[in-house]
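Enquirer: Below you will find the structure I want to go over with you.
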Ligand code: 28F
């Protein structure tokens with residue numbers, strides 16, 4: 001073969017290395033361009049970040065395979081992003097189609113041994129759509145491979161030729177050798193196409209939180225994030241050689257914990273299990289679980305195996321030590337959950353997720369393997385640390401007693417509701433204005449701060465389907481209160497009563513009397529404190545309500561711009577400084593601005609028009625984007641150990657502005 005300018009002679013052996021089944025050609029990349037949502041979920045910010053996760057996951061897989069220990073992501077000024085790993089480097093041999101393997105991997109859908117052949121991929125945010133989807137949705141992508149002493153480079157781009165034909169993921173260079181190198185690894189740099197993603201931008205905090213989580217899950221992997229977009233370069237790196245142990249310490253930061261973090265790992269039939277946990281003095285359970293570093297927010301067989309294993313071992317221990325008498329009932333999973341904070345992480349091949357939600361692990365073998373490993377290791381831990389065992393069993397026994405007590409109280413509560421005594425009924429009615437008709441699919445409950453706003457909200461509302469509950473002053477901080485305090489707090493008890501869902505593990509969303517629960521408070525510091533107190537209550541005791549998307553925050557306007565014209569006065573409401581600017585431009589000279597300090601400054605018509613009318617209002621839907629993140633948020637904001645740090649709040653408290661269905 002004659003020497004081709006710029007290309008090293010390729011060895012015959014490479015050509016034999018990639019067979020058909022390794023790289024399946026399913027359909028052209030043009031389809032990705034036509035319906036991006038099919039491949040990355042959405043073309044908003046989440047979809048944009050899926051491109052990044054896809055490339056990062058490929059680098060993570062090199063780490064999982066044991067060949068990479070560092071991932072460096074750089075956000076560039078031009079909007080492009082590069083991901084660098086120090087793994088083996090993508091093979092540069094010839095594929096039997098006569099094209100270099102990297103070209104086939106980056107231009108063939110589902111290439112790279114993710115589906116079917118190879119099982120090379122283990123992790124993968126969208127379960128590995130493939131790097132070629134990233135090429136298809138980018139203006140350009142270039143790959144640089146350090147391997148066998150040379151630097152290889154190739155560039156792909158979205159090209160529309162002079163005849164107007166579009167070429168998606170077109171190789172605009174060959175795979176060429178550009179120099180020598182002493183290291184190995186792969187770097188991919190790409191510029192997402194704004195024709196697809198509009199003005200969505202890479203979100204530093206989002207990527208940073210995800211990198212921190214990955215570093216917790218894959219100990220010894222160093223995650224580096226560099227942001228070159230600002231006036232000066234920003235860089236952060238995460239490396240936790242204690243992995244999950246550090247993760248639990250991070251999630252329990254600011255809480256009173258009861259014992260040192262417990263950590264163990266085990267492997268059986270190619271399933272690698274890691275568990276770290278540490279009880280705090282809180283009342284709820286937080287179990288964050290993963291498989292191949294993909295969050296399983298809906299749990300699955302591994303979580304079931306974990307719960308079965310721990311409950312059995314704690315009961316065996318309690319009986320053996322005589323903390324439970326022969327006649328005593330077993331401790332239930334619920335009793336052992338109070339105050340539990342743990343992280344369960346699995347690494348396994350051939351992962352199956354439950355059909356309806358891709359966040360639930362389905363592999364049956366994971367249940368028995370996790371149960372065996374957890375039972376064995378936890379049993380050993382309790383033998384070695386009987387004092388911790390006693391502490392946790394006592395806590396579980398006490399919480400069983402409290403549960404029993406609350407059940408009685410609730411029975412009494414229900415008794416009240418059924419009882420004819422109007423006094424009870426009256427005390428609810430004075431603060432609570434019910435809707436005219438019972439329609440759980442349509443009714444809305446506004447939790448309004450302050451009596452004056454509550455009053456004007458009662459006048460403003462559409463009483464057919466909107467209920468108002470006027471909160472007097474600051475509600476109780478449930479993060480610091482006991483469950484029994486919460487139940488005896490007048491305001492929360494009323495909220496519970498009118499919602500009809502009950503609380504904690506007896507919570508049932510089917511009974512919820514309202515489709516939307518809307519927190520409506522002033523846009524000032526007090527108002528945002530009220531919001532956080534209510535969010536804490538719902539997060540701690542009615543999390544499924546948030547997960548199902550029923551919790552919202554009302555958005556009263558910040559300004560009204562008015563202009564008394566010769567004819568009718570013109571007025572524009574503004575929800576941001578940007579909208580204020582636009583409104584002033586529109587109404588021009590003579591326009592005057594009113595800054596709303598609180599809900600009480602609006603008359604009922606304005607309150608209805610701007611904040612309560614489903615046709616014209618803006619609501620924020622509270623999303624449980626990321627359980628670990630919310631857990632952290634509630635603890636830092638509401639815990640009593642570490643005063644919330646202003647900049648931590650600013651950089652972590654994010655709400656998605658949900659569409660108002
Ligand atoms: C910045 C993104 O994509 N890193 C990668 C490798 C390494 C191998 C590989 C990748 C095609 C079908 C096997 C090298 N040597 N970072 C990355 N590093 N892909 S992607 O192989 C893909 C082949 O399956 C690799 C030996 N085996 C695998």
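Enquirer: Check the range 12-26 and report whether any residue there is modelled with pLDDT of 85 or more, within 11 Å of the ligand (Cβ to nearest atom), more than 20 Å from residue 187 (Cα to Cα) and not in a helix (DSSP H, G or I). Talk me through it step by step, then tell me what you get.
Expert: Of the range 12-26, the ones modelled with pLDDT of 85 or more are none.
Within the range 12-26, none of the residues are modelled with pLDDT of 85 or more, within 11 Å of the ligand (Cβ to nearest atom), more than 20 Å from residue 187 (Cα to Cα) and not in a helix (DSSP H, G or I).
Enquirer: Say we look at the range 215-233 and pick out the residues that are touching a residue at least 40 places away in the same chain (Cβ under 8 Å), surrounded by fewer than 21 Cβ atoms within 10 Å (Cβ to Cβ) and touching a strand residue (DSSP E or B) at 6+ places or on another chain (Cβ under 8 Å); which of these is nearest to residue 339 (Cα to Cα)?
Expert: Taking the range 215-233 first, the residues touching a residue at least 40 places away in the same chain (Cβ under 8 Å) are 216-218, 220-229.
In the following step, the residues that additionally are surrounded by fewer than 21 Cβ atoms within 10 Å (Cβ to Cβ) were identified as 220, 222, 224-229.
Checking which are touching a strand residue (DSSP E or B) at 6+ places or on another chain (Cβ under 8 Å) leaves us with 222, 224-229.
On the way: 222: 31, 224: 33, 225: 33, 226: 37, 227: 38, 228: 41, 229: 42 Å.
The extreme case among them is 222.
Enquirer: Next up: Checking residue 528 against (1) within 15 Å of residue 447 (Cβ to Cβ); (2) surrounded by fewer than 17 Cβ atoms within 10 Å (Cβ to Cβ); (3) at pLDDT below 75; (4) under 26 Å from the mean Cα position of the chain (by Cα), only one condition comes out false. Which one?
Expert: Looking at each condition in turn, residue 528 falls short on (3).
Enquirer: Could I ask something else about it? Yes or no: residue 196 under 25 Å from residue 74 (Cβ atoms) and assigned to a helix (DSSP H, G or I)? Walk me through it before giving the result.
Expert: Details: under 25 Å from residue 74 (Cβ atoms): yes; assigned to a helix (DSSP H, G or I): yes.
When the stated conditions are applied, residue 196 passes them.
Enquirer: Which pairs have Cβ atoms under 7 Å, sit 6 or more apart or on different chains, and link a residue in the range 40-64 that is closer than 17 Å to residue 193 by Cβ to one that is at pLDDT below 90 and more than 16 Å from the ligand (Cβ to nearest atom)?
Expert: If the second residue must be at pLDDT below 90 and more than 16 Å from the ligand (Cβ to nearest atom), the pairs left are 43/37; 47/40; 47/41; 50/40; 50/41; 51/40.
Enquirer: List the strands (runs of 3 or more DSSP E) that sit entirely inside the range 229-314 and contain at least 3 residues that are over 30 Å from residue 503 (Cβ atoms) and touching a helix residue (DSSP H, G or I) at 6+ places or on another chain (Cβ under 6 Å).
Expert: On the way: elements: 234-238, 262-268, 271-277, 286-291.
Once the strands (runs of 3 or more DSSP E) in the range 229-314 are filtered for at least 3 residues that are over 30 Å from residue 503 (Cβ atoms) and touching a helix residue (DSSP H, G or I) at 6+ places or on another chain (Cβ under 6 Å), what remains is 262-268, 271-277.
Enquirer: Just to check your reading of the model, which residue among 510, 479 is at pLDDT 75 or above and either part of a loop (DSSP other than H, G, I, E, B) or out of contact with any helix residue (DSSP H, G or I) (no Cβ under 8 Å at 6 or more places or on another chain) (or both)? Reasoning before the result, please.
Expert: Details: 479 fails: at pLDDT 75 or above.
Being at pLDDT 75 or above and either part of a loop (DSSP other than H, G, I, E, B) or out of contact with any helix residue (DSSP H, G or I) (no Cβ under 8 Å at 6 or more places or on another chain) (or both) holds for just one of 510, 479, which is 510.
Enquirer: Being under 17 Å from residue 207 (Cβ atoms) and either away from the ligand (no atom under 11 Å from the Cβ) or surrounded by fewer than 23 Cβ atoms within 10 Å (Cβ to Cβ) (or both) is the filter here, so list the residues in the range 53-77 that pass it.
Expert: Within the range 53-77, 53, 70, 72, 73, 74, 75, 76, 77 meet the criteria.
Enquirer: Suppose we filter 119, 89, 113 for residues that are near the ligand (Cβ under 10 Å from one of its atoms), within 33 Å of the chain's Cα centre (by Cα), outside any strand (DSSP E or B) and modelled with pLDDT of 95 or more; which single one remains?
Expert: Details: 119 fails: modelled with pLDDT of 95 or more; 113 fails: modelled with pLDDT of 95 or more.
So the residue among 119, 89, 113 that is near the ligand (Cβ under 10 Å from one of its atoms), within 33 Å of the chain's Cα centre (by Cα), outside any strand (DSSP E or B) and modelled with pLDDT of 95 or more is 89.
Enquirer: Further, regarding this structure: Assuming residue 84 fulfils every condition listed in (1) at pLDDT 90 or above; (2) surrounded by 22 or more Cβ atoms within 10 Å (Cβ to Cβ) apart from one, which condition is it?
Expert: (2)
Enquirer: Follow-up question, since we're still on this one. Can we say residue 473 is on the phi > 0 side of the Ramachandran plot, over 24 Å from the mean Cα position of the chain (by Cα) and surrounded by fewer than 21 Cβ atoms within 10 Å (Cβ to Cβ)? Break it down stepwise before answering.
Expert: Working: on the phi > 0 side of the Ramachandran plot: yes; over 24 Å from the mean Cα position of the chain (by Cα): yes; surrounded by fewer than 21 Cβ atoms within 10 Å (Cβ to Cβ): yes.
In short, yes.
Enquirer: Next question, about the same structure. In the range 234-255, what residues are modelled with pLDDT of 95 or more, over 20 Å from residue 86 (Cβ atoms) and in contact with a strand residue (DSSP E or B) (Cβ under 7 Å, 6 or more places away or on another chain)?
Expert: If the condition is that a residue be modelled with pLDDT of 95 or more, over 20 Å from residue 86 (Cβ atoms) and in contact with a strand residue (DSSP E or B) (Cβ under 7 Å, 6 or more places away or on another chain), then 234, 244, 245, 247, 248 are the ones that fit.
Enquirer: If a residue must be touching a strand residue (DSSP E or B) at 6+ places or on another chain (Cβ under 7 Å) and surrounded by fewer than 10 Cβ atoms within 10 Å (Cβ to Cβ), how many such residues does the range 161-175 contain? Please lay out each step first, then the result.
Expert: Restricting attention to the range 161-175, the residues satisfying the condition of being touching a strand residue (DSSP E or B) at 6+ places or on another chain (Cβ under 7 Å) are 161, 166-175.
Next cut, surrounded by fewer than 10 Cβ atoms within 10 Å (Cβ to Cβ) only: 161.
So the answer is 1.
Enquirer: Pick from the range 194-206 the residues that are buried (at least 19 other Cβ atoms within 10 Å of the Cβ) and more than 17 Å from residue 228 (Cβ to Cβ): which of them is nearest to the chain's Cα centre (by Cα)? Talk me through it step by step, then tell me what you get.
Expert: The first filter runs over the range 194-206 and keeps only residues buried (at least 19 other Cβ atoms within 10 Å of the Cβ), leaving 196-197, 202.
Adding the requirement that they be more than 17 Å from residue 228 (Cβ to Cβ) leaves 196-197.
Details: 196: 24, 197: 21 Å.
By that ranking, first place goes to 197.
Enquirer: State whether the residues of the range 139-152 include one that is modelled with pLDDT under 95 and in contact with a strand residue (DSSP E or B) (Cβ under 8 Å, 6 or more places away or on another chain). If you could, list the steps in order and put the result at the bottom.
Expert: So in the range 139-152, the residues modelled with pLDDT under 95 come out as none.
Checked the range 139-152: no residue is modelled with pLDDT under 95 and in contact with a strand residue (DSSP E or B) (Cβ under 8 Å, 6 or more places away or on another chain).
Enquirer: Next question, about the same structure. Scan the range 176-193 for residues that are touching a strand residue (DSSP E or B) at 6+ places or on another chain (Cβ under 7 Å), outside any strand (DSSP E or B) and loosely packed, with under 14 Cβ neighbours inside 10 Å and jot them down.
Expert: At the first step, the residues of the range 176-193 found to be touching a strand residue (DSSP E or B) at 6+ places or on another chain (Cβ under 7 Å) are 176-181, 183-193.
After this cut, where a residue has to be outside any strand (DSSP E or B) as well, the list is 181, 183-184, 193.
The answer is 183, and nothing else.
The values are calculated or read from the model by the stated rules, or taken from the named source; none is laboratory data. This structure is a prediction, so every number in the text was calculated from the model and none was measured. Because the Cβ atoms are built from the backbone with ideal geometry, glycine has one as well, and the counts that use them run over all protein chains shown.
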